[in-house]
Every structure is written in C-alpha cells, then in structure tokens.
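Participant: Got a structure for you, questions after.
Bear in mind that the values in this text are calculations on the coordinates, not laboratory data. All figures in this text were calculated on a predicted structure; none of them were measured in a lab. Ideal geometry is used to build each Cβ from the backbone, glycine not excepted, and the neighbour counts take in all protein chains shown.
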Amino acid sequence: MDILLQQIINGLVQGSVYALVALGYTMVYGILGLINFAHGEVVMVGAMVALAVSGMLLAAGLPPLLVLLLALLVAMAVCMALGYAIERIAYRPLRNAPRLAPLITAIGVSIVLQNLAMIFWGREYHAFPQLLPGASHGFGGAIINDVQIIIIAVALLMMAGLLVLVHRTRLGRAMRAVAENPSAAALMGVDINTVISVTFMIGSALAAVAGLMVSANYGIVHYYMGFLLGLKAFTAAVLGGIGNLRGAMLGGVLLGLIESLGAGYIGDLSGGFFGSNYQDVFAFFALIAVLVFRPSGLLGERVAERA
Amino acid sequence: MNLKHKPLLAALAIALLLLPFATDAMLGRGWVRIADFALLYIMLALGLNIVVGYAGLLDLGYVAFFAVGAYNYALLSSPQFGLHWPFWVVLPLGALLACCFGVLLGAPTLKLRGDYLAIVTLGFGEIIRIFLNNLNAPVNITNGPQGISMIDPIRAGEFSMGGEHQLFGLAFPATHLHYYLFLLFTLLVIFVSRRLEGSRIGRAWMAIREDEVAAEAMGLNTRNIKLLAFAMGATFGGLSGGLFAGFQGFVSPESFSLMESIMILCMVVLGGMGNIGGVILGGVLLVLLPEALRNGAGPMQQALFGKTLVDPESLRMLMFGLALIAVMLLRPAGLWPSTQRRRELSPDEMISHQEQDTVYDNSK
C-alpha cells in the first residue's frame with residue numbers, strides 16, 4: 001500500500017511539472033494552431049538561468065530563500081524575453097505560410113538553443129544547489145519532502161492564476177477571442193500581435209517555473225533536459241486535448257501518474273518480463289489508447305472536419 | 001520528359017556515375033561515404049514524402065520503419081542468432097515487415113486529425129526505439145544499447161560488397177560499390193514515386209491532402225487510401241533500413257532517435273513537400289551541410305581568433321539550426337516547392353482564412 005501511495009506522490013509531483021509545461025504548448029496551439037517545438041528548450045533555459053543566478057547570489061552570501069525567489073524572477077524574465085523573441089523571429093514572419101514551415105523553424109530554434117546552452121554551460125551535468133530545507137515527512141507509509149509539497153502547491157497556484165487570467169480578465173477575453181477567430185477579433189479592436197506575444201510570454205514564464213521545479217526536485221541541470229521534458233509535456237497536452245487549458249492540466253497530472261504507476265507496477269503486471277525502463281512505452285501506449293477512443297483527447301472538443 | 005532535356009540528363013547521369021571517383025580524388029574517401037549516406041537519406045525522405053508530401057499526414061516517427069528494416073537485416077544476417085540469410089531474402093522481407101508495421105500503426109490511428117496523428121506517430125517511433133534498447137533481457141534479442149555488430153555485408157555468391165574489387169582495371173572499394181547500389185535503389189524509389197504521383201492513387205492522396213471531406217464525397221475510401229500511403233512510405237523506410245544495416249555493418253538504437261525522424265521531415269519540408277526534385281535537394285543539403293560545417297567550424301575559428309573558442313561540434317549544430325530557420329523564413333514553401341501544391345497541409349479553419357495570399361497562390 002505504501003508503495004502505491006509513494007508512486008502516486010511521485011506521479012503528482014512529476015505531473016505538476018508536466019502540466020505547467022503542457023500549458024505553454026496548449027496556449028500557443030490554441031491561438032496559433034502551431035506546435036511550439038522549442039518550448040522544452042525554454043524550460044531548459046529557465047533552469048540554466050536559475051542555476052547561474054542562484055550560484056552567483058549564494059556566493060554573495062544571500063539567504064537561500066531570497067536566492068530562490070530572485071533566481072525564479074530572473075529566470076522568468078529571461079524566459080519571457082526569450083519566448084517573445086522566438087515568436088517574433090521564428091513564427092510571426094511565417095504566420096501565413098504553409099503550416100509545416102513554422103514547425104521547421106521551431107526545430108531550428110530548438111537546435112540553436114540547445115547548442116547555445118552547450119556552449120555556455122558545457123556538456124556536463126550541473127548540481128543544482130539545495131535552496132529549500134529538504135525535510136521529509138512520513139505520510140501514511142510514504143515519504144514526501146518539502147520541495148515536492150512546494151512544487152505541487154506552486155503548480156496549483158499557477159494553474160488557478162492562469163485560469164482566472166484567461167476567463168476573468170480583459171486580456172484573457174482577448175486571448176480567447178483570437179483563439180476563436182483572429183480576423184473577427186481584430187475587427188473588434190483586439191491587437192492580435194500583442195495578444196500572441198503575451199501568450200508566448202506567459203507560457204514561457206510558466207516554463208521557467210517548471211524548469212526551476214525540475215532542477216530543485218532532482219538537483220541536476222543539463223543542457224539536454226528540455227528535450228524529453230518538452231516531449232512528455234506535449235504528449236500530456238495532446239492527451240488532455242490540445243488547445244484546452246484544463247485538458248493540459250489534467251493531461252499533465254494524468255501522464256505523471258501513469259508513468260510513475262507504470263514504472264512501479266509494470267514488472268508485476270508482466271510477470272517480471274518488462275522492467276521500469278519501459279515506463280515511456282507505457283506512457284505512449286496510454287496516449288495511443290486514449291486517442292483511439294477519444295480522437296480529440298480527454299477534454300478536447302470534437303472539432304468538426306472543415307467543410 | 002521532353003527532348004531538350006536529354007543532353008542535360010545525359011550530363012547528370014555521367015556526373016552521378018563519376019561522382020565517387022571524383023570525390024575520392026578531390027575530397028577523400030570520407031566524402032564518398034557521406035555521398036552514400038546522402039543517397040540513403042534521399043530514399044528515406046522520398047518515402048516520408050509520400051506520407052507527408054502527398055497524403056498530407058504529419059508523421060514524426062518515420063525512423064521507426066527505418067529501424068525495423070535495419071534490425072530485420074541485422075538479426076537475420078549476423079552472428080547474433082547465427083543466421084546468415086542472403087540479402088535478396090532479407091531486404092524484401094525488411095520492406096514487407098516495415099509495411100506491416102505501417103499498417104499496424106495506421107489502422108487504429110488514421111482517423112486522428114493532423115497534430116494528434118503527429119504525436120501518435122512520434123510515440124510509436126519512441127516505443128520501437130525503447131523496445132530495441134531494452135530487448136536484451138530477460139531474452140537477448142536486440143543486444144540492447146550495444147546494438148548488433150558484425151552484420152554481413154550485402155553479397156551475391158562470391159561477390160561481397162564489403163571488400164574491394166577490381167573491375168575493368170579499376171579498383172572499387174566498398175564505399176564506391178555501395179554508392180552504385182544505393183544509386184540504383186534511389187533511382188528505383190524515384191521512379192516509383194514519379195509513377196505514383198500521377199497515378200489514380202497519387203491523385204487520391206493529394207485530394208485527401210487538400211480536403212478530406214471533399215475527397216470522401218467524391219467516393220474515395222479515404223481510410224484505405226491513407227493506409228496505403230502509410231504502408232508505402234513505411235516500405236521505402238524498411239528498404240533503406242536494410243541497406244543501411246548492410247552498409248554500416250552495425251546497428252544500435254542510437255541511430256533511430258526522434259531527432260532522425262525530425263531530420264528526415266526537415267529534408268522533406270525544407271526541400272519542398274510533394275516535389276520529388278525538392279525532396280532530393282533537401283536530402284542532399286541536410287546531409288552535406290552538417291558535414292561541410294564539421295570541416296569548417298574548427299578551422300574557421302582558428303583563422304578568425306587564432307584559437308578554438310567554442311566546441312566546434314556545438315558551433316556546427318548551432319549554425320545548422322540557424323540555417324534551418326533562415327531557409328524557412330526566406331522560402332516558407334521550401335527551396336523548390338511543388339507547383340501543383342498551393343494549399344498547405346490540412347489547414348485549420350483559422351489559418352485557411354488567412355491563407356488566401358500565401359506563396360502558393362502567388363505561383364498560380
């Protein structure tokens with residue numbers, strides 16, 4: 001029983017991170033119909049910047065909690081600027097181009113960011129400083145530590161904030177309007193370009209938070225960390241129904257749970273034939289199974305074929 | 001093919017025939033190998049072009065079929081199981097097996113729309129790779145991450161393509177022999193692609209790409225035709241996989257990562273989706289460019305700054321990424337777009353409204 005609980009806790013923590021990254025994918029997709037392949041790299045940049053900033057500030061002798069906060073703020077600012085720049089340089093000029101063109105520039109941006117990070121920070125794994133007291137709590141036979149509790153709490157807070165922003169503010173209404181019909185939104189006086197830029201910046205800020213979370217949780221930062229994380233988060237967004245905010249949240253948490261439960265139980269289920277190294281297979285099979293029965297994802301609307 | 005192209009074609013044929021010897025003499029043996037790989041990638045890109053370019057189905061896991069073909073060859077023709085089947089059995093078998101995998105993947109998923117299909121194919125590619133990576137325990141089938149080595153070269157009777165041969169007083173090393181073999185297969189793939197393009201099936205694919213609902217209303221069985229595109233593309237992938245294994249003599253899961261799928265997709269899109277010439281151009285460029293940059297990145301720094309400032313490998317990929325972005329920004333429809341193809345891959349409602357004055361419409 002305690003193993004089950006432990007796997008659920010791990011899954012929730014991982015799922016919260018996926019959900020935050022998935023939101024970035026799904027917001028961009030909802031508005032532009034574009035898979036922002038470079039989003040995973042933005043997460044990596046967030047983590048790297050947070051690492052650099054916290055290293056500098058810790059050396060200056062600031063208290064860890066303040067360092068964490070400042071590192072987060074700087075990482076968010078850098079990622080927002082990066083998100084803005086990516087949209088401006090790689091996507092905006094191609095807004096009317098064939099749809100696969102921005103996909104290729106996204107891949108290009110992804111390669112560029114990865115290699116820039118490699119040039120700046122090297123190929124090695126960096127240890128992320130422990131900025132939070134890592135106290136562990138027993139919890140019904142399972143263990144949860146402070147970092148994990150904070151990750152789940154912050155993720156919930158961020159998601160709630162985003163939902164309020166999208167559904168209760170003027171900006172949110174503009175975003176939804178652009179997602180629904182850009183030309184009509186423009187006629188109603190919505191500045192489409194600003195809305196799209198802001199969307200990218202919000203998504204990137206969430207990515208920065210996620211990047212910091214992953215590095216704090218695992219204590220490791222690496223130039224290649226964004227690739228797989230981005231892939232999983234994209235999977236999560238599709239699982240929930242891409243373009244749908246709640247879907248991305250649900251998909252993220254669900255994918256985290258599927259993975260950790262899959263990794264924990266796949267050995268027993270298959271009589272020891274498959275080990276936990278098949279956890280990704282498990283996740284992708286779950287994705288395929290869900291999509292076969294619900295082709296638009298769990299919460300995605302059934303979009304009619306264009307007539 | 002009209003008459004005034006004939007001298008041009010003849011010149012091209014002679015150039016292609018002389019290419020390995022010319023590159024060998026001018027640039028070294030390594031570049032002949034690169035030319036071999038360029039041909040392999042052209043075959044792959046043409047295979048993917050059927051799925052993405054003709055039928056408009058975004059496939060991000062294409063390398064899985066390549067892997068199936070390669071491992072099929074590796075398992076049936078190496079000391080791994082002590083099997084040494086001849087290539088003329090193993091190659092078609094690999095293509096057939098890949099075709100089956102294509103149908104296996106396509107049958108349940110082809111009703112998915114655009115990007116949902118993309119992620120499913122991506123997941124499929126990863127599943128195949130993870131299996132290849134882990135099927136060394138409890139029963140050792142694929143040898144896991146170490147991969148399978150000492151794969152038999154392609155050979156017929158006493159004639160093995162693994163060694164050097166003397167023909168007409170000329171020395172043909174293995175790289176040259178493979179060049180001609182791959183050239184032959186590439187021409188076959190080009191021929192099949194060309195014939196498909198103009199056939200009923202090809203036109204049906206393009207109809208589906210442009211408007212699935214309309215295509216269905218015209219009486220096309222869209223599911224079967226899409227499945228056929230998947231199977232066809234997969235077959236080419238499996239074929240190139242077998243050739244790759246025989247040429248390389250070694251396969252490991254590393255060669256079949258998602259990045260490979262993405263690279264092949266880049267060749268198709270960058271060159272010009274749906275246009276055979278464009279796809280070939282894309283394949284050649286994306287194989288040659290990184291290699292040229294590899295040779296350029298280090299020495300260039302030496303010349304500019306007098307020392308190596310940044311890791312040449314990173315710099316090379318950095319410039320490659322920038323080149324991808326630049327080309328797409330300058331030519332959104334690809335370097336050599338298909339004239340037939342004016343509309344994009346299954347556009348969404350929103351984009352199709354804006355799309356009225358795209359590059360495609362200008363070329364009318």
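Participant: Could you give the spread of the C-alpha atoms of segment B:19-351 along their three principal axes, from largest to smallest, in whole angstroms?
Facilitator: So the extents along the principal axes, rounded to whole Å, are 60, 54, 46.
Participant: Please arrange A:Ile111, A:Ile202 by how many other C-beta atoms lie within 10 Å of their C-beta, fewest to most.
Facilitator: Values: A:Ile111 25, A:Ile202 22.
By the 10 Å Cβ count, ascending: A:Ile202, A:Ile111.
Participant: So what is the calculated 222 nm ellipticity per residue for chain B, using -39500 (n - 2.57) for each DSSP H run with n of 4 or more, over all residues, to the nearest 500 deg cm²/dmol?
Facilitator: Working: 14 runs with 241 residues, N = 364.
When only DSSP H runs of four or more count, the value is -22000 deg cm²/dmol.
Participant: Determine the shielding of peptide A:109-122 by partner chains: average, over its residues, the number of Cβ atoms on other chains within 10 angstrom of each Cβ. Walk me through the numbers before you get to the answer.
Facilitator: Values: counts 4, 4, 12, 9, 2, 4, 12, 5, 1, 7, 8, 2, 0, 2.
That works out to 5 on average.
Participant: What is the projected area of the convex hull of the Cα atoms of segment A:2-293, averaged over all directions, in nm²? Numbers along the way, then the final one.
Facilitator: Details: hull surface 67.0 nm².
Spelled out: convex hull of the Cα atoms, projected over all directions, averaged, 16.8 nm².
Participant: Ok, one more. For segment B:84-167, what does the equivalent ellipsoid look like in terms of its semi-axes, each the square root of 5 times an eigenvalue of the Cα gyration tensor, given largest first in whole Å?
Facilitator: 33, 19, 11
Participant: Let me know the mean shielding of A:287-297 by other chains, meaning the per-residue number of their Cβ atoms within 10 Å of its Cβ.
Facilitator: 4
Participant: For the protein assembly as shown, what is Rg from Cα atoms divided by 2.2 N^0.38 Å, rounded to two decimals?
Facilitator: Working: Rg = 25.6 Å, N = 671, 2.2 N^0.38 = 26.1 Å.
Here the Cα radius of gyration is 0.98 times the empirical estimate.
Participant: For a quick check, take a GNM of chain B with Cα springs below 10 Å and name the residue from B:Gly278, B:Gly106, B:Gly114 with the largest mean-square fluctuation.
Facilitator: B:Gly114
Participant: What ranking, highest mean first, results for peptides A:210-221, A:39-50 when packing means the other Cβ atoms within 10 Å averaged over each residue?
Facilitator: Working: A:210-221: 23.9, A:39-50: 29.2.
Result, highest mean Cβ count within 10 Å first: A:39-50, A:210-221.
Participant: Do you know the relative contact order of segment B:19-351, to the nearest whole percent, from alpha carbon pairs under 8 angstrom that are 6+ apart?
Facilitator: Numbers: 543 pairs, mean separation 100.6, N = 333.
Computed value for segment B:19-351: 30 percent relative contact order.
Participant: Would you mind telling me which residue in B:Gly321, B:Gly242, B:Gly277 has the biggest mean-square fluctuation in a Gaussian network model of chain B, where springs connect alpha carbons within a distance under 10 angstrom?
Facilitator: B:Gly321
Participant: Work out from phi, with θ = phi - 60° and the Karplus expression 6.51 cos²θ - 1.76 cosθ + 1.60, the ³J(HN,Hα) of each residue of segment A:153-170, listed in order in whole Hz, and give x for Gly and Pro.
Facilitator: Running phi through 6.51 cos²θ - 1.76 cosθ + 1.60 with θ = phi - 60° gives 5, 5, 4, 4, 4, 4, 5, 4, x, 5, 4, 4, 4, 6, 9, 10, 10, 4 Hz.
Participant: Once you have a ≥ b ≥ c as the square roots of the Cα gyration tensor eigenvalues for segment B:158-248, tell me rounded if a/c is under 1.5, and otherwise prolate or oblate according to whether a/b is larger than b/c. Please list the in-between numbers first.
Facilitator: Details: a/c = 5.41, a/b = 3.16, b/c = 1.71.
Prolate.
Participant: Calculate one ³J(HN,Hα) per residue across segment B:84-93 by plugging θ = phi - 60° into the Karplus curve 6.51 cos²θ - 1.76 cosθ + 1.60, and present them in order as whole Hz with x for glycine and proline.
Facilitator: Values, residue by residue: 9, 6, x, 5, 6, 9, 5, 4, x, 4 Hz.
Participant: If packing is taken as the mean number of other Cβ atoms within 10 Å per residue, what is the order of A:146-155, A:254-263, highest first?
Facilitator: Answer by packing, highest mean first, reads A:254-263, A:146-155.
Participant: Expressed as a whole number of Å, what is the distance separating the alpha-carbon centroids of segment B:9-48 and segment B:153-173?
Facilitator: With segment B:153-173 and segment B:9-48 each reduced to a Cα centre, they are spaced 18 Å.
Participant: Please rank B:Phe87, A:Phe285, B:Phe81, fewest neighbouring Cβ atoms within 10 Å first, as an exposure proxy. Don't skip to the end; give the middle numbers.
Facilitator: Working: B:Phe87 23, A:Phe285 16, B:Phe81 13.
Listed from fewest to most nearby Cβ atoms, that is B:Phe81, A:Phe285, B:Phe87.
Participant: Just report the Cα centroid separation between segment A:70-95 and segment A:209-270, whole Å.
Facilitator: 22 Å
Participant: Enumerate the calculated ³J(HN,Hα) couplings along segment B:318-331 in order (Karplus 6.51 cos²θ - 1.76 cosθ + 1.60, θ = phi - 60°), each rounded to whole Hz, writing x wherever the residue is Gly or Pro.
Facilitator: 4, 5, 4, x, 4, 5, 4, 4, 4, 4, 5, 5, 7, 10
Participant: Take B:Cys100, B:Cys266 and order them by how many other Cβ atoms sit within 10 Å, fewest up front.
Facilitator: Numbers: B:Cys100 15, B:Cys266 25.
Lowest count first: B:Cys100, B:Cys266.
Participant: I'd like the distance between the alpha-carbon centres of segment B:180-246 and segment B:253-294, rounded to an integer number of Å.
Facilitator: 18 Å
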